[in-house]
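None of the figures in this text is laboratory data; all of them are computed from the coordinates on show. Here the structure is a predicted model, which is why all the values come from computation and not from measurement. Cβ atoms come from the backbone with ideal geometry, glycine included; neighbour counts cover every protein chain shown.
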């Protein structure tokens, strides 16, 4: 990913409804979610939601797949990962010990296991 693509992705996320939509889709991976459900969850009209999803799609952050009469949207986590890596590409001037806390916090946390303990 280059600077222009990163700027486009960050610009797409720099709006409250689009950021909320993207976060919902990240939480719904890998199943995705129909546009109508996203609009209901965020209390946004469907035509407004479609416009927001189009901006996110042009930035490469979401993908829509037609299933019957619905379009199921999914977060493009590979593209988001590429953007994040581009932002921290030269993190800490090659001193990994400084970047370790950042990298650790970016690692996803698993949901509680059957024993009730959180795993990583």
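Determine, for 86, 52, the number of other Cβ atoms within 10 Å of each Cβ, and report the residues in order from fewest to most.
Listing 86, 52 from fewest to most nearby Cβ atoms yields 86, 52.
Using a Gaussian network model of the chain whose springs link C-alpha atoms within less than 10 Å, name the residue from 79, 66, 18 with the highest mean-square fluctuation.
Fluctuation is largest for 66.
Give the calculated FRET efficiency between residue 88 and residue 15 to the nearest 0.05, with a Förster radius of 35 Å applied to their Cβ-Cβ distance. Before the final figure, lay out each step's value.
Values: r = 23 Å, r/R0 = 0.66.
Calculated value: 0.90.
Using helices alone, what [θ] at 222 nm do you get for the chain, with -39,500 (n - 2.57) per DSSP H run of 4 or more residues, divided over all residues and rounded to the nearest 500?
Taken over the chain, the calculation gives -16500 deg cm²/dmol.
Using the Cα atoms as the points, what is the convex hull volume per residue of the stretch 3-78 in Å³?
Numbers: hull volume 6.0 nm³, N = 76.
It is 78 Å³ per residue.
Exposure proxy check: 70, 39 ranked by fewest other beta carbons within 10 Å?
Ranked by crowding around the Cβ, least crowded first: 70, 39.
What ranking of 17, 48 emerges when the number of other C-beta atoms within 10 Å of each C-beta is taken as an exposure proxy, fewest first? Walk me through the numbers before you get to the answer.
Working: 17 18, 48 12.
Ascending Cβ contact count within 10 Å gives the list 48, 17.
Over the chain, with a Gaussian network built from C-alpha contacts below 10 Å, which listed residue (107, 27, 59) shows the highest mean-square fluctuation?
Of 107, 27, 59, the most mobile in the Gaussian network model is 107.
What FRET efficiency comes out for residue 46 versus residue 7 if R0 is 25 angstrom and r is the Cβ-Cβ distance? Round to the nearest 0.05.
The calculated FRET efficiency here is 0.30.
With springs connecting C-alpha atoms under 10 Å apart, model the chain as a Gaussian network and identify which of 104, 76, 90 has the largest mean-square fluctuation.
Maximum fluctuation in the GNM of the chain, among the listed residues, is at 104.
Using a Förster distance of 22 angstrom, determine the FRET efficiency expected from the C-beta separation of residue 104 and residue 29, and round it to 0.05.
Efficiency at R0 = 22 Å is approximately 0.55.
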